[in-house]
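Undergrad: Here you go, one structure.
The values are calculated or read from the model by the stated rules, or taken from the named source; none is laboratory data. Since this is a predicted model, take the numbers as computed values, not measurements. Using ideal geometry, Cβ is built from the backbone for each residue, glycine included, and neighbour counts are taken over all protein chains shown. Note: accessible area is taken over every heavy atom of the protein model, side chains too, but ligands, DNA and RNA are not part of it. Shrake-Rupley method; radii C 1.70, N 1.55, O 1.52, S 1.80 Å.
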Amino acid sequence: MDANITKALNDKLYDKRKSGALELEGLIRDSLAAGDHDRIAKIVRQLCHDYAYAVHQPHARNGGLIGLAAASIALGPEVARYLEEIVPPVLACFSDQDARVRYYACESMYNIAKVAKGEILVYFNQVFDALCKLAADSELSVKNGAELLDRLIKDIVAESASTYVSVLHAPSETGTTDTADEHDSSPEDLPTAFSLRRFLPLLEERINVINPYTRTFLVAWITILDSIPDLELVTYLPRFLGGLFKFLSDVNPDVHTATQVCLDRFLNEIKKIARIKRGIAESRKSQGDDGLDKSTSSLHSGAAVESDVDSVALDQRDSALDEKESIRSVSQTSTAADEKSSEHVDWVPGQDVQVEHSKILDILVTFLSDSSDEEIQLTTLKWLENFFEICPEDIMPFVPRLLSHVLPTMSHDVDSVRQSANRVNNSLMDYIMSISDDSRRLDIPANRLQLPNSLSALGKELTGVERRESNLSTRLLKTVMREQTADTKSLESRGTRTPTPAEERGPSPRPVPELDYQAAVNALTLQFLNEHEATRVAAIAWLIMLHRMAPGKILSVEDGTFPALLKTLSDPSEAVVTRDLLLLSQISRNSDDSYFTSFMVNLLKLFCTDRRLLETRGNLIIRQLCLTLSAERIYRTMADCLEKDEDVEFASIMVQNLNNNLITAPELADLRKRLRNLDSKDGQSFFVTLFKSWCHNAVATFSLCLLAQAYEQAYHLLQIFADLEMTVNMLIQIDKLVQLLESPVFTYLRIQLLEPERYPHLYKCLYGLLMLLPQSSAFAALKNRLNSVSAIGYLHIAPRTYVSPSSTLNHLRQKSSETGSPSSQQGPPVSGFERANRLKAREEGGVKWVELLDKFKNTQEKIRRAQRLSSLGEDIGASPVQEKERLAPEVPPKNPNLRPNPSSNARPPPGQLGQPSGHKPKSSFGNIGRFAGGVAGRKKK
């Protein structure tokens with residue numbers, strides 16, 4: 001450079017530096033015209049090393065920056081070969097401590113880029129990195145200068161990023177200096193100046209910034225790059241999607257708004273690409289099915305699909321897409337004539353774009369689990385909901401993780417998040433069920449053997465359940481009704497029913513992966529520990545659906561799910577318990593007898609260890625199980641288990657609970673009708689099974705005989721009651737039984753009081769109860785009832801000779817031993833009619849009444865000894881073996897000091913927490929044991 005130019009560029013005044021730059025511009029123009037490239041190179045090198053890199057001379061740096069800008073302007077299109085030396089010193093000045101130097105660097109780079117145009121894209125990463133830092137600059141003038149430069153770079157990128165090839169690369173690739181048009185003719189052979197692959201590592205690094213201005217800068221650039229059709233930034237979306245989601249939690253509203261708009265653009269673009277690919281797949285399938293003669297119509301349908309898809313294109317890409325649409329229309333017209341000879345399908349923008357759905361889903365599920373920000377969760381759930389339309393096949397591997405995170409979100413404090421989570425859960429359930437429908441439709445005979453025998457039963461179960469989450473129950477009920485429809489209707493009726501989500505989606509591009517049932521069940525089981533009721537209810541609803549889909553794969557008695565389901569019966573929510581019982585019943589219906597027996601045994605163990613559960617939920621559990629399973633099977637199995645139970649206290653309480661339900665539950669009406677008919681062998685065996693177990697509770701055994709109309713047996717039980725020591729609990733149970741006798745369940749019994757000649761022992765039973773009761777309200781009620789029919793009794797019952805109880809028992813024992821012989825006419829003449837009509841048939845059928853009475857005596861004696869051992873063990877600490885050896889042979893005399901200790905810490909039976917009103921001799925029952933059905937009897941000598 002001339003001396004006057006070097007002096008002017010070093011001046012501290014801007015105007016003198018500017019005049020020096022203008023002189024330098026003229027000098028370079030002259031050198032360029034003369035072809036003196038060596039001098040130009042020396043000038044550029046001098047400007048870089050003596051001026052722009054002069055760190056400790058700010059005026060020289062400013063002069064160097066303006067000189068480099070002037071040189072670039074003078075070089076014009078020839079600047080490309082010198083950019084390698086010009087750009088680095090300017091970029092170095094972006095990080096100078098002096099704000100004026102940074103501003104002049106922005107100004108210089110602006111002029112350089114304006115001249116270089118597409119050539120500046122070779123250094124895009126360096127320029128982008130510098131602008132990213134300047135976006136958060138503290139000096140306003142620097143930020144304004146950087147913003148101007150940013151706009152220019154954006155314009156250059158939007159115009160030529162996808163096609164521009166540097167002139168420096170053209171000779172090395174082609175061997176000639178071709179024009180730009182010739183470069184564009186073979187873009188695969190020439191690398192473009194801008195490369196997304198080179199840029200994305202920088203974007204991945206910068207996406208983690210926290211400065212709001214830098215975040216806004218990054219979102220704007222991502223939006224610009226996505227608006228360029230040929231770049232297809234959406235292909236690389238998983239590499240920076242996580243950073244964009246983090247931007248949603250920014251407190252700056254501008255960042256949040258810009259990020260939300262950017263994410264919506266990406267989501268719409270992914271949906272558009274999915275619809276295009278689906279439309280092309282359907283078009284190709286229809287062409288293959290219909291043949292060559294229908295190719296033209298399929299082409300028109302493909303064009304319709306494309307026009308429908310293009311209608312949702314982004315605003316920024318409308319012009320480019322419209323241009324490509326016109327080109328595509330011309331292509332369709334030109335190739336329509338050749339369609340008969342080839343099955344060529346027109347190229348559609350977006351059909352070759354590969355979106356990595358699995359990686360995107362992985363990011364979404366991760367943010368759903370790790371983030372607690374409301375906006376992030378809402379956006380994540382919105383994306384997940386749309387992915388059921390985009391790529392449902394890719395969701396299958398993520399189902400267990402989705403269940404782990406979507407179900408807790410259904411109990412979110414924010415209503416919008418909660419509703420969005422419910423929609424995702426419903427979509428996921430619909431998709432899983434649609435896969436089940438499709439698989440069963442392909443192979444109905446093979447799968448029907450594994451499915452539950454009645455799907456309408458679940459609908460009845462759900463409609464009978466008191467539920468607070470109507471949304472969940474409605475969806476589950478809809479699922480069941482759809483399943484029932486699919487099983488009962490033939491394939492020919494497909495056109496008349498509502499299509500499933502799988503049919504609405506059309507043909508799947510690839511096979512659907514298998515659901516990991518065990519991982520899903522494990523994830524759902526963990527939700528039983530969630531503190532929110534809605535989440536626990538949804539988890540059990542999922543288990544019910546999954547078990548219906550694959551009853552042989554999940555929820556077996558060997559895995560760890562069964563104990564968790566039993567433990568869930570202690571849940572404080574009634575809706576959870578009801579659905580848990582529904583699931584357990586469903587598992588039992590699809591399993592063998594060993595599972596059912598194990599279920600009943602474990603349920604009894606749970607009741608035994610958790611007495612509060614028995615008190616609060618015992619009736620609900622028993623009634624719900626009787627609704628969904630065979631009530632007789634439940635009662636038979638429980639009775640067999642309780643008969644062998646060594647814990648006589650629990651057996652007495654459980655028998656009382658079962659007996660109360662047997663008498664009062666509407667669900668057990670059919671069972672009560674069966675008990676009233678002991679003519680069949682099934683009814684007799686059922687009665688005998690219950691009687692042997694019911695012996696643990698004296699009043700329950702008596703009420704069972706009343707239900708079965710075995711009044712003579714009930715009367716003999718009352719005679720044994722006379723030998724038992726009446727406890728407060730026994731009197732309370734008798735009091736409740738008298739109240740139940742006034743209920744509609746025992747209407748038949750009260751009507752039978754009008755026929756004393758047929759049911760003489762019924763009078764004896766009721767009068768016997770009257771004799772056992774103290775002067776209480778129950779006593780008065782029963783007395784009034786008997787007084788109302790006493791005249792009929794006196795009129796029809798003739799006096800007879802006294803027959804001792806022992807002779808009656810001997811008579812019964814003799815009759816039971818002479819099975820099959822004609823009935824003897826000896827004995828009381830009054831009871832002959834009843835015995836001939838009832839006891840004779842029963843004895844001949846195999847009911848051994850005397851043995852049942854002996855069983856009752858032995859059980860009551862066993863209970864008495866257990867109570868004494870328990871009482872003495874608490875008092876003196878004696879071992880049970882020593883007490884049994886000492887007390888087994890002899891029966892001690894009645895001694896008040898040996899009665900059970902009333903201060904025992906055991907829990908009273910459910911529903912018996914008080915003493916009936918009207919008991920005047922209250923103190924006389926104060927020391928009696930608390931066990932339901934417990935007695936302190938004595939042997940007859």
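Undergrad: Somewhere in the range 25-45, is a residue within 28 Å of Glu139 (Cα to Cα) and not aromatic (Phe, Trp, Tyr)?
TA: No, the conditions are met nowhere in the range 25-45.
Undergrad: Given the conditions (1) at pLDDT 65 or above; (2) under 22 Å from Glu84 (Cα atoms); (3) buried (at least 16 other Cβ atoms within 10 Å of the Cβ); (4) in contact with a helix residue (DSSP H, G or I) (Cβ under 6 Å, 6 or more places away or on another chain), which single one is not true for Ser162?
TA: All conditions are met except number (4).
Undergrad: Hey, does the range 305-321 have a residue that's of a type in the set (A, V, I, L, M), under 30 Å from Thr380 (Cβ atoms), at pLDDT below 95 and over 38 Å from the mean Cα position of the chain (by Cα)?
TA: yes
Undergrad: Something else about it: Which pairs have Cβ atoms under 6 Å, sit 6 or more apart or on different chains, and link a residue in the range 617-643 that is under 15 Å from Phe687 (Cβ atoms) to one that is assigned to a helix (DSSP H, G or I) and among the β-branched types (Val, Ile, Thr)?
TA: Listed by first residue and then by second, the contacts come to Arg636/Thr689; Ala639/Thr689.
Undergrad: Further, regarding this structure: Which helices (runs of 4 or more DSSP H) sit wholly inside the range 61-159 and have at least 3 residues that are within 55 Å of the chain's Cα centre (by Cα) and closer than 23 Å to His49 by Cα?
TA: Passing ranges, in order: 124-134.
Undergrad: I've got another one for you. Against the condition small (Gly, Ala, Ser), in contact (Cβ under 8 Å) with a residue 12 or more places away in the chain and touching a Phe, Trp or Tyr at 6+ places or on another chain (Cβ under 8 Å), how does Ala92 come out, does it pass?
TA: So Ala92 fits the description; yes.
Undergrad: Against the condition in a helix (DSSP H, G or I) and buried (at least 17 other Cβ atoms within 10 Å of the Cβ), how does Thr597 come out, does it pass?
TA: No.
Undergrad: Then there is this: Criterion first (farther than 20 Å from Ala781 by Cβ and open to solvent by 20 Å² or more (accessible area, probe 1.4 Å)) does Glu755 satisfy it?
TA: yes
Undergrad: Restricting to the range 522-575, name every residue that is open to solvent by 40 Å² or more (accessible area, probe 1.4 Å), of a type in the set (Lys, Arg) and part of a helix (DSSP H, G or I).
TA: Result: Lys567, single match.
Undergrad: How many residues are under 18 Å from the mean Cα position of the chain (by Cα) and aliphatic (A, V, I, L, M) when one looks only at the range 560-603?
TA: 9
Undergrad: With respect to Ser72, determine if the residue is more than 20 Å from Lys133 (Cα to Cα) and crowded, with 24+ Cβ neighbours inside 10 Å.
TA: For Ser72, the condition - more than 20 Å from Lys133 (Cα to Cα) and crowded, with 24+ Cβ neighbours inside 10 Å - is met.
Undergrad: Moving to a separate point now. Working carefully through the options Val688, Val655, Val738, find the one that is β-branched (Val, Ile, Thr) and closer than 20 Å to Leu606 by Cβ.
TA: Val655
Undergrad: When the range 210-264 is examined, which residues are found to be among the polar types (S, T, N, Q), under 31 Å from the mean Cα position of the chain (by Cα) and open to solvent by less than 30 Å² (accessible area, probe 1.4 Å)?
TA: Passing the criteria: only Thr259.
Undergrad: Name every residue in the range 355-374 that is charged (D, E, K, R), over 23 Å from Asp226 (Cα atoms) and assigned to a helix (DSSP H, G or I), in order of residue number.
TA: Asp370, Glu374
Undergrad: Do we have any residue at all in the range 268-281 that's surrounded by fewer than 16 Cβ atoms within 10 Å (Cβ to Cβ), under 19 Å from Glu374 (Cβ atoms) and of a type in the set (Gly, Ala, Ser)?
TA: For the range 268-281, residues surrounded by fewer than 16 Cβ atoms within 10 Å (Cβ to Cβ), under 19 Å from Glu374 (Cβ atoms) and of a type in the set (Gly, Ala, Ser): absent.
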